[in-house]
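Below is one structure, written out as structure tokens, with a few remarks after it.
The values are calculated or read from the model by the stated rules, or taken from the named source; none is laboratory data. Just so we're clear, the structure is a prediction, and the values are computed from it rather than from any experiment. Because the Cβ atoms are built from the backbone with ideal geometry, glycine has one as well, and the counts that use them run over all protein chains shown.
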């Protein structure tokens, strides 16, 4: 009898088929992990929303109580010396004040600047502001003699920095301050110049500018200018 042919044995799976199956399993696991992370994120968001609704926002739904935060404080007034020259065709204003309005800080600041300028003599620095209020004429300022008188009746002569500072011993800050405080300069119409002057100690420290009652500035390019005490409001 003729024998029936045996069924052919299946060929082993190719390498490509094996790789495809493994990739499919990896993709399935990645989808499961991604779905898990999405569910976890949604749960965390729900918990946070419940916390905000129950803890952060007012439970009664009303507006939060107003918080009284002061936006300003009472403005302090300090004393300065002011004067004005109204010569023909030009008008110049002067103001002498302390380096800072805070009593404790201005003393330390003056001392630091004195050292930075290389000034060996003890004393105090003040700020002198010169404004050209003329409407048509430039101002050529040539210094002069600045005298001050305090509440005790003592007189003090203010010195221009060029006569007391030592540029070779000054720091970078001191040299810059010295350059800005030259006593000879020109101001165009409407311009101002802030410079420092120095009063040497005569046994005791000169008083602050707000303790001065009057003064004079004479010589140089202007006639005698009287300086009188005035009170100004800080911050205005």
Note: among 143, 123, 118, just one is in contact with a strand residue (DSSP E or B) (Cβ under 9 Å, 6 or more places away or on another chain), at pLDDT 95 or above and at positive phi, namely 123
Qualifying position, being in the same structural domain as residue 198 (by TED's automatic domain parsing) and buried (at least 21 other Cβ atoms within 10 Å of the Cβ), among 158, 152:
158
Any residue that is crowded, with 17+ Cβ neighbours inside 10 Å and in contact (Cβ under 8 Å) with a residue 60 or more places away in the chain - is there at least one of those in segment 161-175?
yes
In segment 99-112, how many residues are touching a strand residue (DSSP E or B) at 6+ places or on another chain (Cβ under 8 Å) and crowded, with 19+ Cβ neighbours inside 10 Å?
2
With 182, 200, 191 as the choices, which residue is more than 21 Å from residue 115 (Cβ to Cβ), in the same structural domain as residue 140 (by TED's automatic domain parsing) and in contact with a strand residue (DSSP E or B) (Cβ under 9 Å, 6 or more places away or on another chain)?
191
